[in-house]
Amino acid sequence: MQIDLLLKNAYVFNVYFKKFIVGNIAISGDKFLYIGIKKPPVIPKKVIDLSGRYIIPGLVDCHMHIESTMCAPRTFSNWVVKNGVTTLIAEPHEIANVFGLEGITAMAQSMKDGPADIYIAIPSSVPSTNACLETTGAEIGSDSVAAMLHMDKVICLGEVMNGHDIIAGPDTKTSRLVRQVKENAPKFPLEGHLPRFLDWDLAQILYNGVNSDHTDQTLETIRQRIAGGCFLQLQEKND
C-alpha cells in the first residue's frame with residue numbers, strides 16, 4: 001500500500017473516543033490509511049513533522065446564509081477555513097428574495113473552486129411573508145424547486161419557516177413544496193425554522209417530514225423536539 005503523506009508527532013482528535021490521541025497519520029490518495037502510534041512499514045513519499053500540533057476534523061456549519069455576511073461565497077470561504085470550518089450548507093433565501101432562481105444559480109457558480117466545500121439548501125419560504133407585509137423581487141415555487149433538485153451541490157430543503165402552512169393542510173404552498181421534495185429526493189433532510197411550536201402542532205410538522213430545527217428554543221421546546229426525534233441545531237446569539 002502506497003503512503004503519499006505521513007504526518008507524524010501530532011495530537012489527533014478521535015471523534016469516537018472524544019479525545020486527543022498522540023499519533024501519526026498516513027494518507028494514501030485522498031483517504032486516511034492509518035492513524036496510530038506505530039511507524040508504518042511503507043516509506044512515504046512525503047513526511048511532515050507536526051511537532052505536537054493538534055489535528056481535528058474539519059468543522060461543518062450546517063445552516064447559514066452567506067449573503068448576510070455581505071461577502072461573495074469564495075471570499076467568505078477563504079476566511080472560515082482559517083477557523084477550522086471546511087464545509088458549509090448555505091441557505092440562499094435572502095438572495096432568492098431579490099433575484100429568485102437566477103440569483104441562486106449565480107451564487108452557486110461563484111461558490112466553485114474555493115477552499116471550503118459549500119453545499120446548498122433549497123429555500124422553502126420565499127417570500128417569507130404574504131404580499132401584504134413585504135414586496136419581494138421573486139418567488140420560489142414548484143418550478144424553481146424542480147430546477148434546484150437537479151443542481152450540483154444541492155443537498156436538502158432549506159428552513160421551512162411557515163409551520164402554520166403545514167398544519168393548515170396538504171394544499172398550502174409550503175405543504176406542496178415539502179411533498180415535492182419528499183417525492184423526488186426522499187433522502188434529502190427537510191430543515192425547519194419552528195419557533196414556539198409545541199405538542200400537537202409540533203407533532204403534525206414532524207409527521208410531515210420537517211425533521212430539524214435551529215431557532216428560538218426554550219428548555220421545553222428542546223425537550224419536546226428531542227423526544228420527537230427532531231435533529232436540534234443550537235444557535236448562539238447575542239442579545
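The values are calculated or read from the model by the stated rules, or taken from the named source; none is laboratory data. Being a predicted model, the structure only gives us computed values, none of them experimental. Every residue, glycine among them, receives a Cβ derived from its backbone with ideal geometry; neighbour counts consider all protein chains shown. The protein model used for the area step is the full one, side chains on, heavy atoms only, and it has no ligands, DNA or RNA in it. Shrake-Rupley method; radii C 1.70, N 1.55, O 1.52, S 1.80 Å.
Per-structure values
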item: Pair list, Cβ < 9 Å and 6+ apart or interchain, from the stretch 190-206 residues that are among the small types (Gly, Ala, Ser) to residues that are assigned to a loop (DSSP other than H, G, I, E, B) and surrounded by fewer than 22 Cβ atoms within 10 Å (Cβ to Cβ); result: 192/161; 192/211; 192/214; 192/215; 192/230; 203/228
item: Looking only at the stretch 185-203, and only at residues there that are of a type in the set (A, V, I, L, M, F, W, C) and outside any strand (DSSP E or B), the one that is most open to solvent (accessible area, probe 1.4 Å); result: 200
item: Long-range neighbours under 9 Å by Cβ, at least six apart or interchain, first residue open to solvent by 100 Å² or more (accessible area, probe 1.4 Å) within the stretch 212-237, second of a type in the set (S, T, N, Q) and not in a loop (DSSP other than H, G, I, E, B); result: 231/212
item: Unmet criterion (only one of (1) within 30 Å of residue 192 (Cα to Cα); (2) open to solvent by less than 40 Å² (accessible area, probe 1.4 Å); (3) out of contact with any helix residue (DSSP H, G or I) (no Cβ under 8 Å at 6 or more places or on another chain)) for residue 65; result: (3)
item: Options 26, 10: the member that is crowded, with 16+ Cβ neighbours inside 10 Å, within 15 Å of residue 54 (Cα to Cα) and not hydroxyl-bearing (Ser, Thr, Tyr); result: 10
item: Residue match in the stretch 33-43 (condition: at pLDDT below 95 and either under 30 Å from residue 124 (Cα atoms) or hydroxyl-bearing (Ser, Thr, Tyr) (or both)); result: yes
item: Failed condition for residue 98, given (1) in contact with a helix residue (DSSP H, G or I) (Cβ under 6 Å, 6 or more places away or on another chain); (2) open to solvent by 30 Å² or more (accessible area, probe 1.4 Å); (3) of a type outside the set (D, E, K, R); result: (1)
item: Matching option when the condition is under 25 Å from residue 87 (Cβ atoms) and assigned to a helix (DSSP H, G or I), among 106, 146; result: 106
item: Extreme residue, nearest to residue 235 (Cα to Cα), among residues of the stretch 157-181 that are in a helix (DSSP H, G or I) and in contact with a Phe, Trp or Tyr (Cβ under 8 Å, 6 or more places away or on another chain); result: 163
item: Of all residues making up the stretch 97-111, the number that are closer than 19 Å to residue 135 by Cα and β-branched (Val, Ile, Thr); result: 2
item: Condition check for residue 118: more than 18 Å from residue 192 (Cα to Cα), of a type in the set (A, V, I, L, M, F, W, C) and open to solvent by less than 50 Å² (accessible area, probe 1.4 Å); result: yes
item: Residue check for residue 112: within 27 Å of residue 57 (Cβ to Cβ), open to solvent by 40 Å² or more (accessible area, probe 1.4 Å) and not in a helix (DSSP H, G or I); result: yes
item: Residues of the stretch 29-57 that turn out to be within 21 Å of residue 83 (Cβ to Cβ) and either open to solvent by 100 Å² or more (accessible area, probe 1.4 Å) or in contact with a His (Cβ under 6 Å, 6 or more places away or on another chain) (or both), as a count; result: 2
